[in-house]
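Have a look at the structure below, then the notes.
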């Protein structure tokens, strides 16, 4: 019978993932919107490269790496039939075999029937996914980290191995889900899209650890990689476009960081041994 404790742990894990992703995305969202302005600063001088939010990402990755073995064992010991069914239901949200056909169909459909701005936004989202997926596919064999599924330790590496058991870092599911969440948030400029998109991505990240496919630090590093890649791809395409396919984005009057919608912010606190997470919209 499913107990409350494992469910509560999964919910807290999802909220913790959201609390990590939100400030990283918020800073990159502001940076990307600033590039829509004619007077936007060069990316090398942009505050996103020196802001303290990067310390949050580094701290989250360090914490995840330090607790990899314990978290994996905990998830393995608390697997339940109900959570297994939830994990199976979440899996398609990060699976390339599902996402690629959906993206391809969306690009074709919007190109044929939607306004040009919707079509261009769909192409930018699809290209962000393609770039992130390409980077992730190269890094997997290069890093060569063993998956936790066999119950072994987290620090086993065999670079350039062709065996999928050594392709733990990064997590493809997490990269896919977080890239799409970030790209959707950047295109929509609204918390009503960003919040559910990141919630779905966080569920995918937790599912990868729960099923033993990846370590906790795998999904944290993958989320950071996805946010950075999606934002960088969006900036590039808005500035330069893609010859014959996508024109550069024309800045709207009054656009820029001052006119940007405030992105969602998350805050996390530890009180009496419990983790409290809140959102400001």
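Regarding residue 229, is this residue in a helix (DSSP H, G or I), under 10 Å from the mean Cα position of the chain (by Cα), surrounded by 20 or more Cβ atoms within 10 Å (Cβ to Cβ) and modelled with pLDDT of 95 or more? First the steps, then the outcome.
Numbers: in a helix (DSSP H, G or I): yes; under 10 Å from the mean Cα position of the chain (by Cα): yes; surrounded by 20 or more Cβ atoms within 10 Å (Cβ to Cβ): yes; modelled with pLDDT of 95 or more: yes.
Against the criterion (in a helix (DSSP H, G or I), under 10 Å from the mean Cα position of the chain (by Cα), surrounded by 20 or more Cβ atoms within 10 Å (Cβ to Cβ) and modelled with pLDDT of 95 or more), residue 229 qualifies.
Working carefully through the options 246, 203, 242, find the one that is modelled with pLDDT of 90 or more, surrounded by fewer than 20 Cβ atoms within 10 Å (Cβ to Cβ) and touching a helix residue (DSSP H, G or I) at 6+ places or on another chain (Cβ under 6 Å). Don't jump to the end; show me each part of the working.
Values: 203 fails: surrounded by fewer than 20 Cβ atoms within 10 Å (Cβ to Cβ); 242 fails: touching a helix residue (DSSP H, G or I) at 6+ places or on another chain (Cβ under 6 Å).
When all the criteria are applied, what remains is 246.
What number goes with the only condition from (1) closer than 24 Å to residue 209 by Cβ; (2) in contact with a helix residue (DSSP H, G or I) (Cβ under 7 Å, 6 or more places away or on another chain) that residue 164 does not pass?
(2)
In contact with a helix residue (DSSP H, G or I) (Cβ under 9 Å, 6 or more places away or on another chain) and either modelled with pLDDT of 95 or more or surrounded by 23 or more Cβ atoms within 10 Å (Cβ to Cβ) (or both), is that true of residue 262? Walk me through it before giving the result.
Numbers: in contact with a helix residue (DSSP H, G or I) (Cβ under 9 Å, 6 or more places away or on another chain): yes; either modelled with pLDDT of 95 or more or surrounded by 23 or more Cβ atoms within 10 Å (Cβ to Cβ) (or both): no.
Spelling it out, it is not the case that residue 262 is in contact with a helix residue (DSSP H, G or I) (Cβ under 9 Å, 6 or more places away or on another chain) and either modelled with pLDDT of 95 or more or surrounded by 23 or more Cβ atoms within 10 Å (Cβ to Cβ) (or both).
When residues of the range 225-246 are filtered for being under 21 Å from residue 108 (Cβ atoms) and without any contact (Cβ under 8 Å) to a residue 60 or more places away in the chain, how many remain?
Within the range 225-246, residues that are under 21 Å from residue 108 (Cβ atoms) and without any contact (Cβ under 8 Å) to a residue 60 or more places away in the chain number 3.
The values are calculated or read from the model by the stated rules, or taken from the named source; none is laboratory data. Being a predicted model, the structure only gives us computed values, none of them experimental. Note that each Cβ is placed from the backbone with ideal geometry, even for glycine, and that neighbours are counted across all protein chains shown.
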